[in-house]
Amino acid sequence: MNLKDLYSPVFLHRLGQSFQEQLPSFDGDRFEAACQTPDWEELKLMERRDRIVTCLHDQLPADFAAAAPLIRAVGPQFAGLAAVCLPHYVATYGLNEWALSMDLLAELTRFSSAEFAIRPFLVREPVATSQQMWRWAQSPDADVRRLASEGMRPRLPWGIRLTQFIDDPLPVLAVLKQLITDESPYVQKSVANNLNDISKDHPELVLTFAQRYWNQTSQTNWMLTRGLRTLFKQGNPAVLALQGYALTAKEQVRSIQFTPAHQLAQIGQTTRLRYQFRSTAAAELPLYLGYRVHYVRQRGATTTKDFFLKRVTLAAGAELTGEVTIPWRQLTTRHLYAGEHVIELLVNTQPIAASRVILTEA
């Protein structure tokens, strides 16, 4: 299913009926018709969200303080990604009612997420809203704590880019300090993604943050490991050292083999490559095993992408064998082209061997 189809005729009918139950003057049929004008099928997910919000506003009280109780009453009836239209209503029409909007977003985020809706408030009232996020980070409700992190991500996909936090992430890190020992997986994932966002502009700040909190709890280490993933893939020595992986590990493996089962492959097929190597270290050798594909682009250029295989601790003198499977599928995010593709075997982000596969058109 296309994501935009979350806003289906059934959803629009349910939403219109829910508001009609709260406000008898609200015409559900009129609302549905106003949303589904001839261009409806062409609209993307967030464009449909915006259309829905505009059509709701056409019939709800113009005074946001009067509309807010209606949205609060309807909110618990809708969940998931489609329900972000309700927080978005708050972001669109509640900017002049900061306190009321904060209270309403904290309620609505429990049923969907207000991560997109909070961002216009962070732009318009950065100090007050950042302080609110800090308070939310201490909430007993995991959904609200998660909003404190996710809403402040500088580079949140689909969200307004928060350039003030790209320039100065210290207000975000103040919130993440409150959440770095959080026991909710929902919150932990958000903290990790937030740290990864920040690391793209301020790697040293994130590294210092990670070094301070490393080994606080197992959950903390998971968050920090995920939050450092971009720096790890870049082979940042301090990040690898923090996680117990040495860049010099590649110098302690020998008898390396990395061979494809077939040298030729068609787009749509799969290539399997077998790897084998032996440790020459006198002690256990922690390894982060991966591979890097050099994808052929148009006009002979290439681009690379790293993939994770496994984490393993290799005993002194032990041998490791395994297999890499590469599906040559066309993706919306990556188009494949015929040509010679280089695949490198990585140990602690460093290449130790390379093979070549000739990819042809199906």
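The table below gives the values:
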quantity	calculated
Accessible area (Å², 1.4 Å probe, nearest 10) - S184	20 Å²
Cα→Cβ-extended label distance, 7 Å offset, between Q216 and N2, nm	4.4 nm
Share of carbon and sulfur in the accessible heavy-atom surface of the chain [1.4 Å probe, %]	50 percent
Contact order relative to length of the stretch 217-339, as percent, for alpha carbon pairs under 8 angstrom and 6 or more apart	24 percent
When each of K189/K250; K4/K177; K177/K305; K44/K189 is checked by Cα-Cα distance, pairs over 29 Å	K189/K250; K4/K177; K177/K305
Solvent-accessible area of R110 with every protein chain in place, 1.4 Å probe, in Å² to the nearest 10	110 Å²
Theoretical FRET efficiency, 1/(1+(r/R0)^6), r = Cβ-Cβ of K189 and D63, R0 51 Å, to 0.05	0.85
Scattering profile of the stretch 125-256 at q = 0.13, 0.14, 0.19, 0.21 Å⁻¹ [log10 I(q)/I(0), Debye over alpha-carbon scatterers]	-0.53, -0.60, -1.02, -1.21
Calculated FRET value between A283 and R334, using beta carbons and R₀ = 41 Å, to 0.05	0.55
Over 24 Å [Cα-Cα, the stretch 82-188], rounded percent	13 percent
Calculated FRET value between Q266 and D39, using beta carbons and R₀ = 41 Å, to 0.05	0.55
Computed lengthening from A79 to A174, 0.36 nm per intervening residue step minus Cα-Cα distance	31.2 nm
Accessible-area value, H335, 1.4 Å probe, nucleic acids and ligands omitted, Å²	90 Å²
Distance from the stretch 136-160 to the stretch 56-123 (C-alpha centre basis), Å	15 Å
Label assignment, semi-axes √(5λ) of the Cα gyration tensor in Å derived from the structure, set (i) 33, 30, 20; (ii) 60, 20, 16; (iii) 47, 28, 15	(iii)
GluC sites (Glu not before Pro), loop per DSSP, at most 10 other Cβ atoms within 10 Å - longest free stretch of the chain	1-182
Options S139, S184, G317, ranked by Cα towards positive dipole end of the chain, top entry (Cβ charges)	G317
The stretch 129-198 - percent relative contact order, Cα under 8 Å, separation 6 or more	38 percent
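The values are calculated or read from the model by the stated rules, or taken from the named source; none is laboratory data. Note that the structure is predicted; figures quoted are calculated from it, not measured. Every residue, glycine among them, receives a Cβ derived from its backbone with ideal geometry; neighbour counts consider all protein chains shown. The protein model used for the area step is the full one, side chains on, heavy atoms only, and it has no ligands, DNA or RNA in it. Shrake-Rupley method; radii C 1.70, N 1.55, O 1.52, S 1.80 Å.
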